[in-house]
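The values are calculated or read from the model by the stated rules, or taken from the named source; none is laboratory data. Everything quoted here is computed from the prediction, not taken from an experiment. Neighbour counts are summed over all protein chains in view; Cβ atoms, including those assigned to glycine, are modelled from backbone coordinates with ideal geometry.
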Amino acid sequence: MTLNAQPGPAAPPAPRAAPPRRWTAALALAALAVNVGFFGPLQILLARQAEFIAAGGSKESVLGAVAAVGALCSMLANPLWGALSDRTAGRWGKRLPWVLGGALAGAAGLLLLATAESVAVMVLGWSVVQIALNAEFAALAAAIPDQVPEERRGAVGGWFGLAQTAGVLTGTGLAVGGGAAAGGSVVGGYAACAVFVVLASVPFVLLRRDTHLAAADRPAWNARSFAAGFWPRGFGADFGWAWATRFLMNLGNALSLLYLLYYLKDEVGVADPEGGVLVLTATYAVALLSTVVLGGVWSDRTGRRRVFVTGSGLVMAAAAALMVAWPTWPGAVIAAAVLGLGFGTYTSVDFALVTQVLPAAADRGKDLGVINVANTLPQVLSPVLAAPIVRHLGGYAVLYLVSAGIGLLGAALVYKIKGVR
């Protein structure tokens, strides 16, 4: 998928030297903040609220509706914020205002969610969180090609990907621990996540390392041209195949994770499914730690990306197959470890691959936003696909088989990308 050529901001100079380690650490911490805001609710809090609000009805449908609307908001917001950050001129730079503003607004959305006692308020609160935190996420993602030379992006992408997994673990821990501190209420979990989102974003902003766009270099505003810049012209180019690969890999992953709490409760029969989710998340995170940075560094040194993506897809499919063949607590733990090994490598290498096929340096924020639709669109589609599969088409076994098949297709399509080894 390529974008129509439209007048855009002046192209920034290509980065020559890697940023200092403190910048990479602050970037990873800010990315951790975003993912705590996303996954604390998704792993525990939204599922608990859906179960309470459904009151004996279909908790799967309530959770699916909330997740789908939120993901739709995310899908639309990410490329929009990225494009606006490309055009931002001022002494604070192009990306930093969106990092800080997104963190503050995202925390406010989490606090709104804490008050939700109806599906409508859940949808509203989760939509605010998705829209706001995607402003921060889009700016952080664009900062990597802004600041990091191409040959170092696998390693930095590994730390960026590590933040996602650590965000799942940290968000789940804050959701469970905050809720316990508040007497079992979801309010404490949401409050803990909101505070973390703001505090963990501050160091990146305080470093004040950013690219700057002079007001004179910003093109005149034209709403029609701006909107046309998002319109795809086809899937023949490397950019399009990179999008398709990421979409399928993330759709397979989303199908596996959406009903994890219910899988442990209803299929495996775990006595404490919330605690089980936390254990599985920790197992997944530890396994991922062993490959997420190492995979990116190894990919940088070999100059190869595609073989790592395909290999990680095979490993992730094996994890889904384990969930089908061995629906027990030991089976779930082993599957979590296998999934972590595969997704760790995939996350770092895929990000580096994507930055090498962006159509235009001046539109990095927008183009990465379009790529990130491949992360969020699966969140919209997964409830639509997963709910009928679980309820009418064979249950969790069929769901995880479908997940594995979709992921394998994505892993194969990476070889359609010709401009990257």
| Of the residues VAL176, VAL168, VAL205, VAL198, which single one is part of a helix (DSSP H, G or I) and out of contact with any Leu (no Cβ under 7 Å at 6 or more places or on another chain)? | VAL168
| request: Specify which of the listed residues (ARG304, ARG364) is of a type in the set (D, E, K, R), part of a helix (DSSP H, G or I) and out of contact with any strand residue (DSSP E or B) (no Cβ under 6 Å at 6 or more places or on another chain). | output: ARG364
| What number of residues within the range 137-165 satisfy the criterion of being out of contact with any Leu (no Cβ under 9 Å at 6 or more places or on another chain), assigned to a helix (DSSP H, G or I) and at pLDDT 85 or above? | 2
| field | In the range 17-40, the residues that are modelled with pLDDT under 90 and either farther than 24 Å from LEU162 by Cα or not in a loop (DSSP other than H, G, I, E, B) (or both) | value | ARG21, PHE39, GLY40
| said: Only one of VAL315, VAL357 is within 23 Å of the chain's Cα centre (by Cα), of a type in the set (Val, Ile, Thr) and in a helix (DSSP H, G or I). Can you tell me which? | reply: VAL315
| In the range 187-223, which residue that is within 27 Å of the chain's Cα centre (by Cα) and of a type in the set (S, T, N, Q) is nearest to GLY37 (Cα to Cα)? | SER201
| Which one of ALA103, ALA141, ALA83, ALA166 is small (Gly, Ala, Ser), in contact (Cβ under 8 Å) with a residue 60 or more places away in the chain and in contact with a Lys or Arg (Cβ under 6 Å, 6 or more places away or on another chain)? | ALA83
| Has the range 76-92 got at least one residue that is modelled with pLDDT of 90 or more, of a type in the set (D, E, K, R) and part of a helix (DSSP H, G or I)? | no
